[in-house]
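**Student:** Sending over a structure as C-alpha cells; questions will come in a sec.
Taken together, the values in this text are just the output of simple stated rules run on the coordinates, not laboratory data. Every value quoted in this text rests on a predicted model; they were computed, and no experiment measured them. In this analysis, Cβ positions are derived from the backbone assuming ideal geometry, glycine residues included, and neighbour counts consider all displayed protein chains.
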Amino acid sequence: MAAKAVGIAERTAYRWFQLPHFQEVYKGAKQIAYDHALEGLRDNVTQAIDTLKRNMTADEPAVQIRAAHLYLAHSLKVHKYDENEARMQEIEAALKRAGLI
C-alpha cells in the first residue's frame, strides 16, 4: 500500500527496506513523526490543567476531570520518555567516545 502511494513496486519497496541506510532513514522519519505527535500532546497540558481547576467545584465534572487526568498522565509519561531518551543518547555518546561501541 505504501509502495503504491509513492509509485514503486512492492518488491522494490521490500528490497529497499532491507538496505541498512534505508532502515536508518526510515527509523529517523518514524521518530520525527512520533515526536511531532507528542508535541501535540504537550501543547494541551495547560488546557487539561485549566479543566481540572474549572471543574474542582462543579456539580458533576467527572467526565471532564477524567479526560484531563488521562491527558496529564500521558503527558507526564511522554516527558519521562523524553528524559530517558536524552539519557540514552548521552550514554551512547560516552560509549562511542570510549570506543566501546
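**Student:** Stretched out fully, how many nm does the piece from residue 16 to residue 56 gain, at 0.36 nm a residue minus the Cα gap? Numbers along the way, then the final one.
**Tutor:** Working: separation 40, 0.36 × 40 = 14.40 nm, distance 5.45 nm.
Gain in length upon complete extension: 8.9 nm.
**Student:** Using a Förster distance of 30 angstrom, determine the FRET efficiency expected from the C-beta separation of residue 24 and residue 74, and round it to 0.05.
**Tutor:** Working: r = 29 Å, r/R0 = 0.96.
Efficiency computed from Cβ-Cβ geometry: 0.55.
**Student:** Right, something else. Relative to the compact globular guide of 2.2 N^0.38 Å, what is the alpha carbon radius of gyration of segment 1-43, as a ratio? Show your work: numbers first, answer last.
**Tutor:** Working: Rg = 13.4 Å, N = 43, 2.2 N^0.38 = 9.2 Å.
That works out to 1.46 for segment 1-43.
**Student:** Follow-up. Treating only the Cβ atoms of Lys and Arg (+1) and Asp and Glu (-1) as charged, compute the dipole magnitude of the chain about its Cα centre; round to the nearest 20 debye.
**Tutor:** Working: 14 positive and 13 negative charges, 81 e Å.
Dipole size: approximately 380 debye.
**Student:** Would you compute, for the Cα atoms of the chain, the largest minus smallest coordinate along each principal axis and list the three values in descending order, in whole Å?
**Tutor:** 60, 45, 15
**Student:** Calculate for the chain the 222 nm mean residue ellipticity that helices alone would give, adding -39,500 (n - 2.57) per DSSP H run of length 4 or more and normalising by residue count, nearest 500 deg cm²/dmol. It would help to have the intermediate numbers written out before the result.
**Tutor:** Details: 5 runs with 85 residues, N = 101.
It lands at -28000 deg cm²/dmol.
**Student:** To make sure I understand the rule: partners must be aspartates and glutamates, Cα under 20 Å from the Cα of residue 27, and not fewer than 8 residues away in the same chain. Which ones qualify?
**Tutor:** Partners found: 10, 35, 39, 82, 83, 85, 90, 92.
**Student:** If you don't mind, there's one more thing I want to ask. Suppose R0 equals 35 Å; then what is the FRET efficiency for residue 63 and residue 97 from their Cβ-Cβ distance, rounded to the nearest 0.05? Present the calculation step by step, with values, prior to reporting the outcome.
**Tutor:** On the way: r = 52 Å, r/R0 = 1.47.
According to the calculation, E is roughly 0.10.
**Student:** Further, regarding this structure: Using +1 at the Cβ of each Lys and Arg and -1 at the Cβ of each Asp and Glu in the chain, identify which of 34, 58, 99 lies farthest towards the dipole's positive end.
**Tutor:** Value computed over the given set: 99.
**Student:** May I ask which residue of 2, 49, 70 lies farthest towards the positive end of the charge dipole of the chain, with charges of +1 (Lys, Arg) and -1 (Asp, Glu) on Cβ and the Cα centre as origin?
**Tutor:** The one lying farthest along the dipole's positive direction is 2.
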